[in-house]
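As structure tokens, the structure follows; a few thoughts come after it.
The values are calculated or read from the model by the stated rules, or taken from the named source; none is laboratory data. Nothing here was measured: the structure is a model prediction, and the numbers come from that model. As a convention, Cβ positions derive from the backbone with ideal geometry for all residues, glycine included, and neighbour counts pool all protein chains shown. With ligands, DNA and RNA removed, areas are computed over all heavy atoms of the protein, side chains included. Shrake-Rupley method; radii C 1.70, N 1.55, O 1.52, S 1.80 Å.
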Amino acid sequence: MKWKSQIQNLKAYQPGKTMDDVKELFNLEKVVKLASNENPFGCSRNVENYLKNNALSHALYPDGYAKELRFKVAEHLSVEPGQLLFGNGSDEVIEIISRALLDGGKSTVMATPTFPQYKHNAIVEGSEVREVPLDAEGKHQLAKMLEEIDDTTSVVWLCSPNNPTGEYIRNGELISFLDAVPAHVLVVLDEAYYEYVVADDYYDSLELLKSYPQLLITRTFSKAYGLAGFRVGFGIGNKDIIGKLEPIREPFNNNTLAQGAASAAIEDQAFIDECRRENRKGLEQYYRFCEEHGLSYVPSQANFILIDFGVSGDEVFQYLMSKGYIVRSGEALGYPHSVRITVGSHDQNEEVIEKMTEFLLLQKQA
Ligand SMILES: *Cc1c(COP(=O)(O)O)cnc(C)c1O
């Protein structure tokens, strides 16, 4: 068969072990998953109420324009409904952007390590991928990224807070970058963790959208909103850009229940505020642990933390998994001596910290 040459070596996404797998493998009663940055508090009560009353209507196609959701999100963000592009998760928004703007003649610029789907989609489209290492603190080097842009470049990907570091782009840095980026480049700003940010010098991307029409923001219902299982993400951009991307989108890409669940979730901002507060307290638990044990970590604006154990991340990961705590090894994330841990509930954090303390003790004894 005539496969695209660039997909020859492409690997399928490797899902981690499921909670049931781990239970069985290690004969455990309880397993806690702190690996995919899901919300430990679930989602808003509004969503449960919606599902209780609407779970039985499956015969009809969903609304292909996601009108109710679109209008609610538009109102919440004070943008126009035509400035939104909905995807089956922001993963699909990334795919749509890639299909629309990348091909064999184009190049695309991104940080490394960062969210892997930018590169993955660029490879599928046959584009040249230019990766600029994060600095030692885990931040984007925007000046160096600018240097990688030329006439062939169609998309630059920025992730802020960045996955897997949790670092973010400062307001002044982003503005200087946007002032310098050539007009033919789409700047995608992935804000999957937007709701968790508390830093004063985080930019206001929706405000920047008014002055920089080449900007496209992506957000998701998968993280703080606690709806990862429903797959709803969206892009926010100027109408001309969204208008170009819309025809690439599959007509019924968000199912009926997902649209309803997301519509219910966005109405409960008190839940989001509470999750943001709890998340900060949770991060403090990890900061304290790191400081007590002299471990270096990246201060996070997201709901996860990257901790450097100075040994193979796989080793830490394996130990924690055997005790029922699933985290992400940094080996596959570009930080081989680290693990990335999703901030859980207070008790979950205490428990995994206890296991990590045990691990460190065993290391000392060995
Ligand atoms: C989790 C994540 C996404 C994907 O979110 P979905 O909306 O669930 O597809 C996108 N970007 C980053 C940086 C993420 O961490």
Quiz prompt | Per-residue HN-Hα couplings for region 85-100 [Karplus 6.51, -1.76, 1.60; θ = phi - 60°; Hz; x = Gly/Pro] | solution = 10, 8, x, 6, x, 5, 3, 6, 4, 4, 5, 4, 4, 5, 5, 7
Exercise. Taking each pair of different alpha-carbon atoms in region 239-366 once, compute 1/r for the pair, average those values, and report the inverse of that mean as the Kirkwood hydrodynamic radius in Å to one decimal.
Key: 17.1 Å
Quiz item: Check Ala35: other-chain or 5+ apart residues with amide H under 5 Å from its amide H, H built from backbone geometry?
Solution: Thr342
Self-check item: Charge dipole (region 1-114, unit charges on Cβ, about Cα centre) - positive-most of Gln6, Ser98, Leu77
Solution: Gln6
Practice problem: Quote the FRET efficiency, to the nearest 0.05, computed for Asp20 versus Arg277 with a Förster distance R0 of 41 Å and r equal to the Cβ-Cβ distance. | Solution: 0.80
Practice problem: Compute the convex hull volume of the Cα atoms of region 229-285, divide it by the residue count, and report the result per residue in Å³ as a whole number. | Solution: 130 Å³
Quiz prompt | Orientation-averaged projected area, Cα convex hull of region 258-311 (nm²) | solution = 5.0 nm²
Quiz item: Just how large is the dipole of the chain about the Cα centre, in debye to the nearest 20, putting +1 at every Lys and Arg Cβ and -1 at every Asp and Glu Cβ?
Solution: 800 debye
Practice problem: Give me the percent of the accessible area of region 126-260 that comes from carbon and sulfur atoms, probe 1.4 Å, all protein chains in place. | Solution: 50 percent
Quiz item: Which peptide among 119-128, 141-150 comes first, and what is the full order, when sorted by highest mean count of other Cβ atoms within 10 Å?
Solution: 119-128, 141-150
Quiz item: If we count every other residue with Cβ under 14 angstrom of Phe234's Cβ, Lys/Arg +1 and Asp/Glu -1, where does the sum land?
Solution: -3
Quiz item: Mind ordering 236-248, 7-19 by average Cβ neighbours within 10 Å, highest first?
Solution: 236-248, 7-19
Quiz item: Out of residues 5 or more away from Asp190 or on other chains, whose amide H comes under 5 Å of its own, with H placed 1.01 Å from N in the peptide plane?
Solution: Leu158, Cys159, Ser160, Thr218
Quiz prompt | Fluctuation leader among Asp63, Asp21, Asp103 - the chain, Gaussian network, Cα springs under 10 angstrom | solution = Asp21
Quiz item: Under 5 Å between amide H atoms, partner at least 5 residues away or on a different chain: which partners does Val339 have, H built in plane at 1.01 Å?
Solution: Ile307, Phe309, Gly330
Quiz item: In deg cm²/dmol, rounded to 500, what helix-only [θ] at 222 nm does the chain give when every DSSP H run of at least 4 residues adds -39500 (n - 2.57) and the total is split over its residues?
Solution: -12000 deg cm²/dmol
Exercise. Against the globular-protein guess of 2.2 N^0.38 Å, express the Cα radius of gyration of the chain as a ratio, rounded to two decimals.
Key: 1.00
Quiz item: Each residue of region 361-366 in order: what ³J(HN,Hα) in whole Hz does its phi give by Karplus 6.51 cos²θ - 1.76 cosθ + 1.60, θ = phi - 60°, with x for Gly and Pro?
Solution: 5, 4, 4, 4, 6, 5
Quiz item: On average, how much accessible surface per residue is there in region 1-123, in Å², for a 1.4 Å probe, leaving out ligands, DNA and RNA?
Solution: 62 Å²
Practice problem: Holding the Cα-Cα limit at 22 Å, pick out from Lys23/Lys355; Lys139/Lys210; Lys72/Lys239 the pairs that are longer than that. | Solution: Lys139/Lys210
Quiz item: What does the charge count near Gly313 come to, summing +1 for each Lys or Arg and -1 for each Asp or Glu among other residues with Cβ under 14 Å from its Cβ?
Solution: -2
